[in-house]
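Structure below; questions to follow.
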Amino acid sequence: MSSYVDPVDGSTYPLGEPRWRSDAGRPLWIELGSGLGRNDIDTSAHSLWRYRAALPVEIASPITLGEGCTPLIEPSFAGGTPLFKADWMNPTGSFKDRGTSVMLSYLRDRGIRSILEDSSGNGGSSVAGYAAAGGLEATIFAPEATSAAKLAQVQAYGARLELVPGAREQSQNAAIAASGDTAFYASHNWQAFFLQGTKSLAYELWEDLGFRAPDNVIVPVGAGSSLLGCFIGFRELLGAGQITRMPRLYAAQPVNCSPVDASFTAGVDVPVERPVAPTIAEGTAIAHPLRLAQMIRALRETGGATIALAEAEISRALADLCSQGLFVEPTSATAAAAYSRLLSSGAIAPAETTVVLLTGAGLKAAEPVRDIVSAVRS
């Protein structure tokens with residue numbers, strides 16, 4: 001049976017007891033599962049719960065709003081034909097619904113009724129929405145600078161909102177300090193079951209592509225849950241004999257906040273000093289990601305890489321996406337900009353099957369998107 005594992009010291013903890021960190025204070029991992037085969041897919045479920053056989057625990061009554069099963073769109077873009085995974089079409093408007101559905105379902109199944117989360121936007125609105133759907137009390141700690149649309153969404157779902165001054169990490173510290181016996185810290189960055197939800201991306205792409213792996217997957221990266229989810233899911237499929245190779249995984253970040261790129265290009269898996277500045281891709285603005293070493297491992301083991309993008313490149317990609325009817329938030333445009341860079345450099349070929357993850361809806365930041373696109377076109 002799978003367990004929680006501290007990847008640094010190897011200590012293990014049973015999955016029956018909800019945990020968000022090890023006794024040493026580090027984020028936990030869940031050992032790789034045995035995967036599933038085509039016949040294990042629950043085709044009666046039009047959501048990520050069609051892959052429930054790949055989860056490490058049984059969840060009898062999940063909290064679901066129909067998350068997953070988002071379309072693959074194949075436009076011409078930057079001289080190639082990538083497959084855009086439209087994960088902004090999830091119920092609360094971002095890919096985070098994959099992780100939230102599984103994480104909160106697991107917690108509710110084990111008796112948790114009140115939760116705390118910290119987020120700069122999409123994670124908080126996702127947790128607030130699924131808490132409402134599951135009958136859970138939720139408090140969301142968010143930086144004061146979080147976009148108004150995302151804060152309004154949190155409040156509309158009925159969650160309590162606590163705004164915290166200062167950097168993103170201050171919201172995390174406040175949420176941890178407030179957690180305890182009466183409210184569980186259900187952080188999308190810390191809780192390992194969140195990654196069990198985002199690994200559905202890999203299973204879904206495998207099914208989308210006729211039960212084969214793509215050549216490349218490009219994702220915008222902040223805390224890394226989409227990158228690590230893809231790594232876990234494709235590793236499980238490889239172990240189950242359902243695919244013959246891993247896709248190359250690419251992490252796209254704005255150069256203004258690019259800690260993963262800094263460490264990867266330095267050839268290490270520990271933090272490397274690099275200046276941090278404001279970025280239009282606010283969803284990637286995580287200066288000190290908790291799972292840095294695991295992300296570096298995922299990139300190295302799959303033969304992938306990092307791409308650090310200037311604000312102008314992200315803005316241009318956002319305008320190009322909008323020109324094709326793809327109204328996404330700027331964070332999503334980092335992945336599209338990375339595709340353009342990788343294609344022009346020859347790192348990937350036009351004929352390869354390349355999936356580009358578009359993570360969040362443009363309505364989350366409608367006015368900034370409008371202003372960015374207008375400036376590019378003027």
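The values are calculated or read from the model by the stated rules, or taken from the named source; none is laboratory data. Because the structure is predicted, anything quoted here is derived from the model rather than measured. Cβ sites come from the backbone with ideal geometry, for glycine too, and all protein chains shown count toward neighbours. When the accessible area is computed, the model is the full protein with side chains, heavy atoms only, and any ligands, DNA or RNA have been set aside. Shrake-Rupley method; radii C 1.70, N 1.55, O 1.52, S 1.80 Å.
When you scan region 337-378, how many residues do you find that are touching a residue at least 40 places away in the same chain (Cβ under 8 Å), of a type in the set (S, T, N, Q) and open to solvent by 70 Å² or more (accessible area, probe 1.4 Å)? Quick ask: steps written out before the conclusion?
First, pick out the residues of region 337-378 that are touching a residue at least 40 places away in the same chain (Cβ under 8 Å): 337-340, 342-344, 347-348, 350, 352-366, 368-369, 372-373, 375-377.
Now narrow it down to the ones that are of a type in the set (S, T, N, Q): 340, 344, 353-354, 359.
So of that shortlist, the ones also open to solvent by 70 Å² or more (accessible area, probe 1.4 Å) come out as 344.
Residues in region 337-378 being touching a residue at least 40 places away in the same chain (Cβ under 8 Å), of a type in the set (S, T, N, Q) and open to solvent by 70 Å² or more (accessible area, probe 1.4 Å): 1 in total.
Residues in region 323-367 that are closer than 16 Å to residue 82 by Cβ and not hydroxyl-bearing (Ser, Thr, Tyr): how many?
Residues that pass the stated criteria total 23.
Among what's in region 236-271 and is β-branched (Val, Ile, Thr) and touching a residue at least 40 places away in the same chain (Cβ under 8 Å), pick the residue that is most open to solvent (accessible area, probe 1.4 Å).
265
Against the condition under 28 Å from residue 255 (Cβ atoms), among the small types (Gly, Ala, Ser), open to solvent by 10 Å² or more (accessible area, probe 1.4 Å) and out of contact with any Gly (no Cβ under 8 Å at 6 or more places or on another chain), how does residue 158 come out, does it pass?
Details: under 28 Å from residue 255 (Cβ atoms): no; among the small types (Gly, Ala, Ser): yes; open to solvent by 10 Å² or more (accessible area, probe 1.4 Å): yes; out of contact with any Gly (no Cβ under 8 Å at 6 or more places or on another chain): yes.
The answer is no for residue 158.
Another question, if that's okay. Would you point out which residue out of 82, 91, 75 is more than 17 Å from residue 322 (Cα to Cα) and of a type outside the set (Gly, Ala, Ser)?
Only one candidate qualifies: 91.
Got a number for residues in region 301-327 being open to solvent by 50 Å² or more (accessible area, probe 1.4 Å) and touching a residue at least 12 places away in the same chain (Cβ under 8 Å)? Before the answer, list the steps.
Going through region 301-327, the residues open to solvent by 50 Å² or more (accessible area, probe 1.4 Å) turn out to be 301, 312-313, 316, 320, 323-325, 327.
Next, from what is left, pick out any that are touching a residue at least 12 places away in the same chain (Cβ under 8 Å): 301, 313, 316, 320, 324, 327.
Looking only at that region, the number is 6.
From the list 213, 298, 266, which one is more than 22 Å from residue 318 (Cα to Cα), under 15 Å from the mean Cα position of the chain (by Cα) and hydrophobic (A, V, I, L, M, F, W, C)?
None of the others qualify; the one that does is 298.
In region 272-298, which residues are over 23 Å from residue 31 (Cβ atoms), surrounded by fewer than 21 Cβ atoms within 10 Å (Cβ to Cβ) and of a type in the set (D, E, K, R)?
273, 274
With 83, 107 as the choices, which residue is open to solvent by less than 10 Å² (accessible area, probe 1.4 Å), out of contact with any Gly (no Cβ under 6 Å at 6 or more places or on another chain) and at pLDDT 95 or above? If you could, list the steps in order and put the result at the bottom.
Values: 83 fails: open to solvent by less than 10 Å² (accessible area, probe 1.4 Å).
Step by step, each of 83, 107 is checked, and only 107 is open to solvent by less than 10 Å² (accessible area, probe 1.4 Å), out of contact with any Gly (no Cβ under 6 Å at 6 or more places or on another chain) and at pLDDT 95 or above.
Do you know which residues across region 286-330 are in contact with a Ser or Thr (Cβ under 7 Å, 6 or more places away or on another chain) and either among the aromatic types (Phe, Trp, Tyr) or part of a helix (DSSP H, G or I) (or both)?
Those that are in contact with a Ser or Thr (Cβ under 7 Å, 6 or more places away or on another chain) and either among the aromatic types (Phe, Trp, Tyr) or part of a helix (DSSP H, G or I) (or both): 292, 296, 299, 311, 314, 317.
Taking the condition of being over 13 Å from residue 251 (Cβ atoms), under 22 Å from the mean Cα position of the chain (by Cα) and not in a helix (DSSP H, G or I), how many residues in region 332-357 meet it?
Residues in region 332-357 being over 13 Å from residue 251 (Cβ atoms), under 22 Å from the mean Cα position of the chain (by Cα) and not in a helix (DSSP H, G or I): 3 in total.
Sticking with this structure for a sec: Quick check on my filter: what residues within region 50-59 are farther than 18 Å from residue 230 by Cβ, open to solvent by less than 80 Å² (accessible area, probe 1.4 Å) and either in contact (Cβ under 8 Å) with a residue 40 or more places away in the chain or among the acidic types (Asp, Glu) (or both)? Full working, then the answer.
Our first condition is that a residue be farther than 18 Å from residue 230 by Cβ; within region 50-59, this holds for 52-53, 57-59.
Imposing the further condition that a residue be open to solvent by less than 80 Å² (accessible area, probe 1.4 Å) reduces the set to 53, 57, 59.
Listed by number, the residues that qualify are 57, 59.
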